[in-house]
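The values are calculated or read from the model by the stated rules, or taken from the named source; none is laboratory data. In this text, all values refer to a predicted model and were calculated from it rather than measured experimentally. Here Cβ is always computed from backbone atoms with ideal geometry, including for glycine, and neighbour counts include all displayed protein chains. Quick note on the areas: whole protein, heavy atoms, side chains included, nothing else; ligands and nucleic acids left out. Shrake-Rupley method; radii C 1.70, N 1.55, O 1.52, S 1.80 Å.
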Amino acid sequence: MARRRQIYEGKAKILYEGPEPGTIIQYFKDDATAFNAEKKGTINGKGVINNRISEYVFTRLSHIGIPTHFIRRLNMREQLVRQVEIIPLEVVVRNVAAGSISKRLGIEEGEPLPHTLIEYYYKDDALGDPLVSEEHIACFNWCSHEELQDMSSMAIRINDFLSGMFAAIDIRLVDFKLEFGRIWDGDYARVILADEISPDGCRLWDINSGEKLDKDRFRRDLGGVEEAYREVARRLGLLQNEDSGPGEVLDLNAHRGRLRNTAKPVKK
Ligand code: UDP
């Protein structure tokens, strides 16, 4: 096979030129970073799991009418997506206080927020992705007012859908990050959901035990990182051979005791 042209290498993914114009191949790596890449590591098998989880989530979202860049999964670590012009904003949706909002505003982690919050961060590694307001976005023209409205209304719909989807498998969707991109149709631009949705960019807590099933296990050295990612995939019904059903005891954190897993994987 002809060598593919690499377009970009990020912290968790590599982008290659796709087979047709306007397409891109997303390759999911096992590499993990945190705190603006100050902490680096590898989570074995993460790329395979995130490729699968993101495929599943994007497909489900397309079924409720959210336009996404996802075309199809190609293999264990790669998916074909539409090429977009990435809007330089990280759109964070929060249901429960955790992470940076807890630190910044002194709200205890786990405190449910009075209502869902949407925040915007300017995508710039050198600046450490600073929190920005709608006024900054308009002032520096990172996207138009209409695009921002489209992104925030999609973010709310995505949050409602994913909160229910995860609640059905005993997972609380605490917060998550979205990225959007523009596609051009002549002079007309449309905003669609891009990047990925996986435990790398979401906070997912077991509803019963509060156990973290996301990248905070890596960020905070909690152990059981691979197991947590696999557990999310298993509950979503994506690891068919490992569906051992309710009552399975999952060893997430040997030094702190064992998480009793009672969530059934979803039936497809
Ligand atoms: N997030 C992300 N990429 C980033 C920053 C945040 O995917 O560069 C996700 C993160 O996993 C969490 C949510 O966005 O689910 C909110 O993150 P927060 O602002 O609390 O930042 P953190 O505590 O991760 O520094």
- prompt: What residue, among those in the stretch 106-120 that are touching a Ser or Thr at 6+ places or on another chain (Cβ under 7 Å) and under 24 Å from Arg220 (Cβ atoms), is surrounded by the fewest Cβ atoms within 10 Å (Cβ to Cβ)?
  reply: Glu108
- line: Those residues of the stretch 138-152 that are surrounded by 15 or more Cβ atoms within 10 Å (Cβ to Cβ) and either farther than 27 Å from Phe166 by Cα or within 11 Å of the ligand (Cβ to nearest atom) (or both) come to a total of 4
- prompt: Counting residues that are over 21 Å from Ile156 (Cβ atoms), which strands (runs of 3 or more DSSP E) fully inside the stretch 1-97 reach at least 3?
  reply: 6-9, 13-17, 23-28, 31-34, 39-42, 70-73, 78-82
query: Quick one: how many residues across the stretch 100-132 are within 11 Å of the ligand (Cβ to nearest atom), over 19 Å from the mean Cα position of the chain (by Cα) and of a type in the set (Asp, Glu)?
result: 1
query: All but one of (1) within 27 Å of Phe35 (Cα to Cα); (2) more than 14 Å from the ligand (Cβ to nearest atom); (3) part of a helix (DSSP H, G or I); (4) touching a strand residue (DSSP E or B) at 6+ places or on another chain (Cβ under 6 Å) hold for Glu135; which doesn't?
result: (4)
query: Scanning for something away from the ligand (no atom under 16 Å from the Cβ), surrounded by fewer than 19 Cβ atoms within 10 Å (Cβ to Cβ) and free of Cβ contacts under 8 Å to residues at least 60 places away in the same chain, does the stretch 29-36 turn up at least one residue?
result: yes
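Yes/no per residue for (1) over 16 Å from Glu90 (Cβ atoms); (2) assigned to a helix (DSSP H, G or I); (3) open to solvent by 10 Å² or more (accessible area, probe 1.4 Å); (4) in contact with a helix residue (DSSP H, G or I) (Cβ under 6 Å, 6 or more places away or on another chain):
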residue	(1), (2), (3), (4)
Ile183	yes, no, yes, no
Arg190	yes, no, yes, no
Leu193	no, no, no, no
Ile197	no, no, no, yes
Trp205	yes, no, yes, no
Ser209	yes, no, yes, no
Verdict on Ser54 being more than 20 Å from Asp125 (Cβ to Cβ) and open to solvent by less than 20 Å² (accessible area, probe 1.4 Å): yes
query: If we keep just the residues of the stretch 37-47 that are out of contact with any helix residue (DSSP H, G or I) (no Cβ under 9 Å at 6 or more places or on another chain) and open to solvent by 60 Å² or more (accessible area, probe 1.4 Å), which is farthest from the ligand (Cβ to nearest atom)?
result: Thr42
- request: Please verify whether the stretch 74-95 includes one or more residues that are closer than 26 Å to Ser163 by Cβ and open to solvent by 40 Å² or more (accessible area, probe 1.4 Å).
  value: yes
- prompt: From the residues in the stretch 211-224 that are assigned to a helix (DSSP H, G or I) and open to solvent by 20 Å² or more (accessible area, probe 1.4 Å), which one is farthest from Val96 (Cα to Cα)?
  reply: Phe218
- prompt: Which one is nearest to the ligand (Cβ to nearest atom), of the residues in the stretch 178-220 that are out of contact with any Lys or Arg (no Cβ under 7 Å at 6 or more places or on another chain) and of a type in the set (Gly, Ala, Ser)?
  reply: Ser198
query: In the set Lys123, Lys103, which member is among the basic types (Lys, Arg) and open to solvent by less than 80 Å² (accessible area, probe 1.4 Å)?
result: Lys123
